[in-house]
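The values are calculated or read from the model by the stated rules, or taken from the named source; none is laboratory data. Since the structure is predicted, the reported quantities are computational estimates derived from the model, not experimental observations. Glycine also receives a Cβ, built like all others from the backbone with ideal geometry; neighbour counts cover every protein chain displayed.
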Amino acid sequence: SPQSSLYFRIKMADKQRRTTIIRQVVFLLLFLCVWALGSGTVRYAVPEEMESGSFVANVAKDLGLDPKRLSARRARVVSEGSRQHFQLNSNTGNLFINEKLDREELCGQTDPCILHFEIILENPLQSYRAQVRVYDVNDHSPEFSDNELLLKMPESTPPGSRFPLANAQDLDVRNNSLQSYAISSTDHFRVYTRHRSDGRKYAELVLETPLDREEQAEISFMLTAIDGGSPARSGAAQVRITVLDINDNVPEFSQTLYRARVLENSEQDYVVLTVSATDSDEGINGAISYTFSQKSKKNVSSFTPPTCIGPVPPPAGMSSSFRLAALSDIILFTVFPLPPYSWIHFK
Ligand SMILES: [Ca+2]
Ligand SMILES: [Ca+2]
Ligand SMILES: [Ca+2]
Ligand SMILES: [Ca+2]
């Protein structure tokens, strides 16, 4: 009937109006919620490593809440994680550190280190976002993974050669982290602080002056890593460089000219002369054997081949000697290994 049709239309309009109102209320509530959250965020900053129970701030004052009503409204702190880093005194509105904050443990290399939590009140329900920035304190020294860094380089290494060294690690951030490297005095090396692509700093050793194993077979010095904290902290490692031998020394006779006199009727195996040579190189590079040179073969025909009577091969730097048994006037000796070689006149 027309009447029932009209009633139906009124009903529909009513329903639509109510839906619209509900939608508007929900929207308004959402808006208020967002506004409350936005306006209620409080930010604080504390240095790490402060003792448990240290005062952070009075949140009641900062949020404009009545401290006397905090207890009745069951005000409390709810952290995002499982650990409660802070506690609220519901009588005063003071926020305290619940347990000592270690920035390195909480955030590692993430900087800034921010802890988020909420301050929740009941009757009426209100929540405020809060965050505390934990400032870094220089409580770590740069550390090398090994106390000793061992390197080997041939004595022929040209000056200007670069040697990257293992980097030290400092768990702190920014200025409190590792800034530079230094070495204790050495004539041969300089150290430079270089940056890796990931931002970490490592030490690069540069050879300044030529090495000479015969002069110094091992070079050692301290490598120090320094941070930028105030006061600065540092860590050190011993650098030991073994200089490897190169055959850069010729054997040298104890005299450039040896003179000897022999009677023409000397017996066979008569010792005419003992000569000796030394080579300051190491191992096989310093081993000496003796021989007559090709040129003087004719002259030495009456000599037995020279024999080494010292240890064969002689230890580096030790002299070796041989004996000759025969007659002659002038002989040329060549000393091995060849090249390089030394020679002497034998008269
Ligand atoms: Ca710490
Ligand atoms: Ca720290
Ligand atoms: Ca540090
Ligand atoms: Ca050498």
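Table for the structure above
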quantity: Residue among 224, 274 that is among the hydroxyl-bearing types (Ser, Thr, Tyr) and either within 16 Å of ligand 4 (Cβ to nearest atom) or at pLDDT 95 or above (or both); calculated: 224
quantity: Any chance residue 154 is within 16 Å of ligand 4 (Cβ to nearest atom), more than 27 Å from residue 179 (Cβ to Cβ) and not β-branched (Val, Ile, Thr); calculated: yes
quantity: Filtered residue count, segment 150-164, keeping only those that are crowded, with 19+ Cβ neighbours inside 10 Å and of a type outside the set (D, E, K, R); calculated: 0
quantity: Residue check, residue 233 charged (D, E, K, R), surrounded by 15 or more Cβ atoms within 10 Å (Cβ to Cβ) and either closer than 20 Å to residue 152 by Cα or modelled with pLDDT of 95 or more (or both); calculated: yes
quantity: Failed condition for residue 133, given (1) closer than 30 Å to residue 225 by Cβ; (2) more than 16 Å from ligand 3 (Cβ to nearest atom); (3) crowded, with 18+ Cβ neighbours inside 10 Å; calculated: (3)
quantity: Residue selected from segment 171-222 under the condition under 12 Å from the mean Cα position of the chain (by Cα) and more than 16 Å from ligand 3 (Cβ to nearest atom), by the criterion nearest to residue 140 (Cα to Cα); calculated: 202
quantity: Any hit, segment 207-219, residues being exposed (fewer than 14 other Cβ atoms within 10 Å of the Cβ), not in a loop (DSSP other than H, G, I, E, B) and not acidic (Asp, Glu); calculated: no
quantity: Unmet requirement for residue 246, which otherwise passes all of (1) over 30 Å from residue 170 (Cα atoms); (2) within 28 Å of the chain's Cα centre (by Cα); calculated: (2)
quantity: When residues of segment 65-103 are limited to those that are among the basic types (Lys, Arg) and within 47 Å of the chain's Cα centre (by Cα), the one surrounded by the most Cβ atoms within 10 Å (Cβ to Cβ); calculated: 103
quantity: Residue selected from segment 171-206 under the condition among the hydroxyl-bearing types (Ser, Thr, Tyr) and surrounded by 14 or more Cβ atoms within 10 Å (Cβ to Cβ), by the criterion farthest from ligand 2 (Cβ to nearest atom); calculated: 186
quantity: Of all residues making up segment 222-250, the number that are part of a strand (DSSP E or B) and not small (Gly, Ala, Ser); calculated: 12
